[in-house]
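Note sheet for the following structure.
Bear in mind these aren't lab numbers, they're just calculated from the coordinates by the rules spelled out. Computed from a predicted model, the values in this text were never measured in an experiment. Using ideal geometry, Cβ is built from the backbone for each residue, glycine included, and neighbour counts are taken over all protein chains shown.
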Amino acid sequence: MMNWKERIMEAAGGTMTGAVVACALGLEINPPCYNGMAAVTSDGFVMCDFTDAGGQRHMGAMIGALDDLVANVVQLARHIDMVASERAEFAEALVAWIGIEYCNAKSRLKSALTTAYPYQTPTLH
């Protein structure tokens with residue numbers, strides 16, 4: 001039986017969301033991939049260092065809007081039927097991955113993944 005990290009990577013592997021989640025979980029995947037800690041800007045955009053398919057590193061590459069990341073990880077957790085304890089671990093890993101935030105990114109991610117079950121997709125702003 002696969003653990004939740006293996007189930008997530010099986011479901012999201014090869015996608016941008018999978019690359020983001022792999023980085024947040026500290027899993028090494030072949031490039032293209034994200035590296036290190038994320039930063040969330042005051043206007044709600046997520047950035048992280050990135051290694052492209054050719055092996056070239058790019059500092060502070062744009063991942064996208066925090067709202068989209070929150071929606072994607074909630075949908076991913078729902079898709080693999082994560083139980084409450086798994087969602088809490090997933091939330092903690094995502095929160096720990098954010099090194100710098102200029103908005104309430106950590107609390108939004110944690111809340112979206114750990115609120116009452118069955119949880120709902122967050123409203124995009």
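Values computed for the structure shown
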item: Residue match in region 87-99 (condition: exposed (fewer than 15 other Cβ atoms within 10 Å of the Cβ), closer than 25 Å to THR115 by Cβ and in contact with a strand residue (DSSP E or B) (Cβ under 8 Å, 6 or more places away or on another chain)); result: yes
item: Region 20-36 - residue that is within 15 Å of HIS58 (Cβ to Cβ) and touching a helix residue (DSSP H, G or I) at 6+ places or on another chain (Cβ under 6 Å) and, of those, surrounded by the most Cβ atoms within 10 Å (Cβ to Cβ); result: TYR34
item: Checking THR17 against (1) crowded, with 18+ Cβ neighbours inside 10 Å; (2) within 11 Å of TRP97 (Cβ to Cβ); (3) not hydrophobic (A, V, I, L, M, F, W, C), the condition it does not meet; result: (2)
